[in-house]
1. Using a simple spin-label model with points 7 Å from Cα along the Cα→Cβ vector, what separation in nm is obtained for B:Arg440 and B:Arg127?
2. Could I get the Rg over Rh figure for region A:1-132? Both from C-alpha atoms, Rh via Kirkwood, rounded to two places.
3. Looking at chain B, what % of its DSSP beta bridges pair antiparallel, to the nearest 5?
4. Which percent of the accessible heavy-atom area of chain B goes to carbon and sulfur, probe 1.4 angstrom?
5. What's the FRET efficiency of B:Asp203 with A:Ala96 using the Cβ-Cβ distance as r and R₀ = 51 Å, to the nearest 0.05?
6. Could you tell me, in Å, what Rg and Dmax come out for the Cα atoms of the protein assembly as shown?
7. Spelling out what I want: for every residue of region A:154-170, take phi, set θ = phi - 60°, compute 6.51 cos²θ - 1.76 cosθ + 1.60 (Karplus), and round to whole Hz; glycine and proline get x.
8. Could you state the accessible area per residue of region B:1-65 in Å², with a 1.4 Å probe and every protein chain left in place?
Amino acid sequence: MKRHQRNYILGGAPLACFLGAALIGRFWTPFNPMRIDLRSKLQPPGAAHWLGTDEFGRDLLSRLMAAAGTSVSISLTTVFFALLAGLTLGVIAGYARGWTDRVVMSLNDALLAFPSMLLALALLSITGANMYGIILALGMAYTPSMVRVVRGSVLSLREREFIDASRIMGNSAAYTMLRHILPNCLGPVIVLATSMFGSVLLTESALSFLGLGVPPPAPTWGNMLASARPHIAEAMWLGIFPGLCISLSLLGINLFGDAIRDRFDPRMRGL
Amino acid sequence: MNQPLVEVDRLSLSVRGLSDHQIVRDVSFRVDAGEIVGIVGESGSGKTMVARSLMNLQPPAISISGGDVRFEGRSVPAMTGKQVRALRGARLGMVFQEPMTSLNPSMTIGRQLEEPLKLHARLDAPRRRERILDILRRVDIRDPEAAFRAFPHQFSGGMRQRIMLASAMLLKPSLLIADEPTTALDALVQREVLELMLEMVRDEKTALLMISHDLPMVARYCDRIIVMRQGEVVEQGPVAEIISRPRHDYTRELLQSMPMRGPLRIIDQAASAVVEVKGLEVEYRTKAGLLAPKTIKKALHGIDLCIRSGEIVALVGASGSGKTTLGRCIAGLVPASSGGIFFAGKVVKPGSPAWHHYRLNCQMIFQDPFGSLDPRMKIREIVVEALRHDRQAGRVEKAERVRAVLEEVGLDGRYLDRYPHELSGGQRQRVAIARAVVGRPQFVIADEAVSALDVTVRTKVLQLLADLQRRHGFSCLFISHDLSVVEQLADRVVVMRDGVIVEEGKRDAIFVAPQHEYTRALLSAIPTLTRTDTGVSLSWRFAQADGALAEALQ
């Protein structure tokens, strides 16, 4: 079995589990993830509550499933945002060059100078900590690296002769960009988008952990981890399960991303 | 008979792990001391692999699966790594094809040339320096002292190839291997470098193994020729014998595919001009830097050119002569800084109302068949895109026209749904030609359209281009550095140099009685070919470069 085939399975399996759980969690969870039941608080994993309960007696499995939905939809929308903004700005800057390129890329480089986490934090203080604010902040924080990659491949593509050939045929610049340049720069973009999905998920969890994510009582893996901290000595399952969710889903995404990269980049295929 | 310098004995090379996948089969030949031998073959014939196995330098994925290579009687594959290294550089020198990449860009010329001397010769630093300066002078590098301290990017391709030659000859090896040494250079520089190389190996009594796809070039300089095809030697022997009496069909095909002067066509000199340019100038501006002032470099200095209806005009010149810039400017890819382009008597400018009409009537075929087709589109989509602006034709009609034009260029329906990477170089160029002519343009620009193709494929593509032109009657501007191709196709020849037209005339006039020194120099690089009953005979124009000619080259 080639490496990328193995990675598809190794990465795809946990990823499919989490996506499935997130999807099911939208419609059905064993218990209501918000319902407080103080009589059964801090119960260890058992027959009734498979993964135990938290300090308010809420079912941990139900909350993890609900949180998966939140995390996945935030991350997906964010990546989609970065993809759309990155492709638009990158293709325009790379194709037009000159002043347009210089303005777009100066702004872009200025944003790239900040770590995404810091940038997201700063933007969150403007947009406010709700779901849309988080998507906007994370999306803007992750767009610059997408712009760089897109512009780079557009710059090299536009020197190829088939772009001249398109002009010779009488095609407009807009048509040439959409029909010839865009499809040809999708390879590296898809690879970047996959790995970006992982780091957005991690950043979102970190923001929640810091209390800047989706506000409680709505569960996210990050804020569940944060609220588990005071109880970690008596109820360690509260910390372990959300932590495992974050690590395993990231591992899955990264392996899957590697597999995709290997497919798109033939130079890596032999490894 | 004394011992041969190199003896290749039933050599077979195969892909490691796949012993039935042989790249080279049962190749045997020998090179004697001081002999000049050429290996001729098309891409994929295995000629480079054979040459590399002489130094045990074949790529790691390829191994010797049979036979032996002996250098001065000792088996090269059986040598230890240390023994082979002692051989490389000292006894065996090599000049590679690509002068842009075969020198280390981050080392000065002096340090690079010093490396083999440090490894193989016991000389102290001042002596080494003396030796390097000597050889740099020998390869005609102006100001060797400065070259010693310079970096490779400061030299042109021809100069770098001279430096490569210097580095290979530095230790006076007994065999020099030159793998397509001048393919990346234009015709004039090619001849200078080759003649220098020949002179040096003759002086040092070094044997030369020259690998090339260019049969006339090999025939001109070598004593013996080895013809390879698909990993096998099809024929070998003395040059004169092979080209005058080839025994193998493939050799005959190679000789047949050497371009010959085509029939003279009568072009009505009173016919209206399809495309005309007057006083065309193109400037490249560099931006003003902190210390450097803004500079303007003129690539074209007031070009006047007229292409009549149904005429094939060849535009020739060495690299840097501005011929490609002129072609791209006429096609509207490079803006003109002054002067005008006239189409059917009316001036056309990008953005003017007549431009779109001109745009559709002026199509272009590019040099690189790998770069000119969108890799993500099927052949069908690539060709039909050229009809996008044809409002009269419906989808069914367009599909029919695409099928018909592909048929015309020799690609049947099976190719419609393939992607460019599934096609060979020649087939791709056919697709590019189909795309250019499908809209029935009145004017086609072919920019080095056959330069990237193998000799036998090149002939077929040229033939196709000539056929299409006769059938559809479009006018053609054929840009090429290769005069032998031009001789076959063109009605009229325009010679350019440094952005100026130096000579212009009917093909036969230019080829028989060139007026300008520069044209004579260009012509000296190609053979005149006469077919004999059994083969061909080659002769060379202006073979003795006289003083005036040499000056014209400077």
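The values are calculated or read from the model by the stated rules, or taken from the named source; none is laboratory data. Here the structure is a predicted model, which means the values were calculated and not measured. Note: ideal-geometry Cβ built from the backbone for every residue, glycine included; neighbour counts use all protein chains shown. These area figures cover heavy atoms from the full protein model, side chains too; ligands, DNA and RNA do not enter into them. Shrake-Rupley method; radii C 1.70, N 1.55, O 1.52, S 1.80 Å.
1. Simple spin-label model gives 7.9 nm for this pair.
2. Details: Rg = 21.6 Å, Rh = 18.8 Å.
Expressed as Rg/Rh, it is 1.15.
3. On the way: 51 of 88 bridges.
Here the antiparallel bridges make up roughly 60 percent for chain B.
4. Details: 12370 of 24530 Å².
The C+S portion of the solvent-accessible surface of chain B is 50 percent.
5. E between B:Asp203 and A:Ala96, to the nearest 0.05, is 0.35.
6. Taking only Cα atoms of the protein assembly as shown, I get Rg and Dmax of 33.7, 109 Å.
7. 5, 4, 6, 5, 5, 8, 6, 5, 6, 6, 4, 4, 5, 5, 4, 6, x
8. Numbers: 2890 Å² over 65 residues.
Solvent-accessible surface per residue comes out at 44 Å².
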